[in-house]
Amino acid sequence: MTTQIFGDFIEEFKSDGDYLKLGFSPGSIPLQRRWRTNGLSADFIADYLEVFFIGQPATNSDPTIPIPVRSRNAVKYIANELLENAMKFSDENSEYSTRIAFHLYSDKLIFHVTNSIASQNMKRLKAFIKEVTHGEPSELYFRCMEANASDENSGHSGLGLLSMICDYSAQLAWKFDTIQMAQEAPTPVVTTMVCLKI
């Protein structure tokens, strides 16, 4: 598979700014136990970033951003959603680690989450991306909320990603690629990028 990019994908990373990368090996603990650590990892990321905003005046007066990035809860929500999606849709037969990274610039915060992806999940994600990029995210957001309310098992809706766009004015993009790992067939991977204005 050749590299495919959807949206305005910003590669990681320039040499300036602060950044942090975390990796989660699929073989270290079972996914059910790993699931409980997503909230802890998101808390850690939010606490880490909060240090950079303490005592800093808000510089972004953009009225289109309803929830500020400087909010610890905003960062925690986005990090948690990204980690949950990455763990949920990773290819369980792959040894590829799930990775989350963020880079803090003077005017934006960028998350990259990379995970392996099974072919059926890739098709579903690409269909969702097509809907988001060619439609109206706010309409899709409300449709997904209604679908989730009527179907408790609707776990593939993309509601968390749509919330990032609609509630946090986030810019989302995706990169699909193939990684060759030792003693494994080529592994399809996806990187989800979330960019937030500061």
* **Leading residue by the ranking (surrounded by the most Cβ atoms within 10 Å (Cβ to Cβ)) among those in region 35-63 that are modelled with pLDDT of 80 or more and polar (S, T, N, Q)** => 38
* Residue among 119, 106, 97 that is over 11 Å from the mean Cα position of the chain (by Cα), under 28 Å from residue 51 (Cβ atoms) and loosely packed, with under 15 Cβ neighbours inside 10 Å -> 106
* Asked: Considering only residues of region 156-196 that are assigned to a loop (DSSP other than H, G, I, E, B) and not aliphatic (A, V, I, L, M), which is surrounded by the fewest Cβ atoms within 10 Å (Cβ to Cβ)?
  -> 183
* For region 8-25, indicate whether the set of residues that are closer than 29 Å to residue 178 by Cα, modelled with pLDDT under 70 and surrounded by 15 or more Cβ atoms within 10 Å (Cβ to Cβ) is non-empty. => yes
* Asked: Does region 126-134 contain at least one residue that is in contact with a Cys (Cβ under 9 Å, 6 or more places away or on another chain), assigned to a helix (DSSP H, G or I) and over 21 Å from residue 12 (Cβ atoms)?
  -> no
* To do: Provide a single number: the residues in region 68-117 that are modelled with pLDDT of 90 or more, small (Gly, Ala, Ser) and not in a strand (DSSP E or B).
  => 2
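The values are calculated or read from the model by the stated rules, or taken from the named source; none is laboratory data. All values reported here derive from a predicted model rather than from experimental measurement. Glycine gets a Cβ as well: all are built from the backbone with ideal geometry, and neighbour counts include every protein chain shown.
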